[in-house]
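Take a look at the structure below.
Every number in this text was worked out from the coordinates using simple rules, so none of it is lab data. Because the structure is predicted, anything quoted here is derived from the model rather than measured. Note that we place each Cβ from the backbone using ideal geometry, even for glycine, and neighbour counts take in every protein chain shown.
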Amino acid sequence: MPEFLKINTGAATLAFWHIEESEEQLKAFIGGDSFPTLSSFHDSSRRLEWLATRCILKTLGITDQVLYTKKRKPYLVSGNGHISMSHTFPYAAVITNPTFSVGIDIEKKNRPFKRIAYQFLTLGELSWLDLDNTLQLALIWSAKEAFFKLYNRPGLNSFTDLDVQPFEVQPKSGVFHLLVHVTRFSFRVSMEYAILENFVITWAVCNPELFHWGTSPLKAGLEGDL
């Protein structure tokens with residue numbers, strides 16, 4: 001059995017796959033002999049990541065075909081549930097929920113986030129965090145990536161529309177909050193995270209009905225938790 005971790009958070013199901021198999025082994029696990037999508041990937045690691053996400057789907061019992069919107073957001077062709085995927089070799093991750101929108105991201109902890117800190121951090125974030133805290137920077141970047149995947153709507157023009165509230169990093173997993181600004185509206189999202197070896201994984205689960213701003217209870221500019 002490959003190294004596979006499944007977590008049920010109560011709000012969603014997450015699964016992580018540590019890639020140690022060859023391409024042929026992953027194909028054999030998935031089954032079948034036709035993988036036309038792989039022809040578009042020339043990097044060997046990228047091919048393994050794609051196959052690993054399909055292994056996760058099979059292990060979770062998801063048999064629907066996965067398609068992509070123009071913004072590269074994955075969705076199940078049957079429309080039965082929501083899905084988000086992320087991969088950074090040698091890990092792949094998937095999150096699913098039957099009714100709520102989901103977003104997930106996985107990043108290496110040691111990426112040089114400090115070099116581009118002023119491109120993705122808000123003034124509020126710069127006021128409280130330590131730019132030498134690489135782990136905290138990785139979590140902030142990853143959280144914003146995960147929420148962009150979840151939201152997948154116009155209106156968020158840059159990372160600076162997303163403001164992470166002060167938090168202390170816990171050793172293995174934890175929760176922090178992301179304040180989202182969209183036109184006249186602001187709301188707060190709970191971001192969960194886990195730390196696996198040299199990687200961080202963040203995810204969020206939100207009721208998609210709350211993104212219908214015209215009828216949303218947040219339309220008056222009130223802040224709330226999603």
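Order the peptides 45-52, 176-183 from the highest to the lowest mean number of other Cβ atoms within 10 Å of their residues.
Sorting 45-52, 176-183 by mean packing, highest first, produces 45-52, 176-183.
For every other residue with a beta carbon closer than 13 angstrom to the beta carbon of Ile30, add +1 if it is Lys or Arg and -1 if Asp or Glu, then tell me the sum.
0
Quick check: the angle from helix 134-151's long axis to the longest principal axis of the chain, C-alpha only, nearest 10 degrees?
Compared with the principal axis, the helix lies near 80 degrees.
When Lys and Arg each count +1 and Asp and Glu each count -1, what net charge do the other residues less than 10 Å away from Phe120, Cβ to Cβ, add up to? If you can, show how the numbers build up before the last one.
Numbers: positive: Lys144; negative: Glu125, Glu145.
Neighbour charge sum, excluding Phe120 itself: -1.
Just order 77-84, 142-149 by mean Cβ neighbour count inside 10 Å, highest at the front, would you?
142-149, 77-84
When the expected Rg is taken as 2.2 N^0.38 Å, what fraction or multiple of it is the alpha-carbon Rg of region 127-180?
For region 127-180, the normalised Cα radius of gyration is 1.17.
Explain nothing, just the number: relative contact order of the chain, from Cα pairs under 8 Å at least 6 residues apart, as a whole percent. Mind showing how you got there, number by number?
On the way: 416 pairs, mean separation 35.5, N = 226.
Computed value for the chain: 16 percent relative contact order.
I want the local charge near Leu48. Using Cβ-Cβ distances under 12 Å, sum +1 for each Lys or Arg and -1 for each Asp or Glu among the other residues.
Values: positive: Lys27, Arg46, Arg47, Arg54; negative: Glu20, Glu21, Glu23, Glu24, Asp43, Glu49.
Net local charge, Leu48 excluded: -2.
Under unit Cβ charges (Lys, Arg +1; Asp, Glu -1), what dipole magnitude, rounded to 20 debye, does region 75-146 have relative to its Cα centre?
For region 75-146, the charge dipole is close to 180 debye.
With each run of n ≥ 4 DSSP H residues scored as -39500 (n - 2.57), what mean residue ellipticity at 222 nm is computed for the chain after dividing by its residue count and rounding to the nearest 500 deg cm²/dmol?
It comes out at -6500 deg cm²/dmol, rounded to the nearest 500.
Work out the length of the dipole vector of the chain about its Cα centre, built from +1 on the beta-carbon of each Lys and Arg and -1 on the beta-carbon of each Asp and Glu, and round it to the nearest 20 debye. Could you put the intermediate results ahead of the total?
Working: 22 positive and 23 negative charges, 123 e Å.
My answer is approximately 580 debye.
Once both axes come from the Cα atoms, what is the angle between helix 44-59 and the longest principal axis of the chain, in degrees from 0 to 90, rounded to 10?
90
Considering only lysines 8 or more places apart in sequence, or on different chains, count the pairs in region 71-145 whose C-alpha atoms sit under 17 Å apart.
Number of lysine pairs found: 5.
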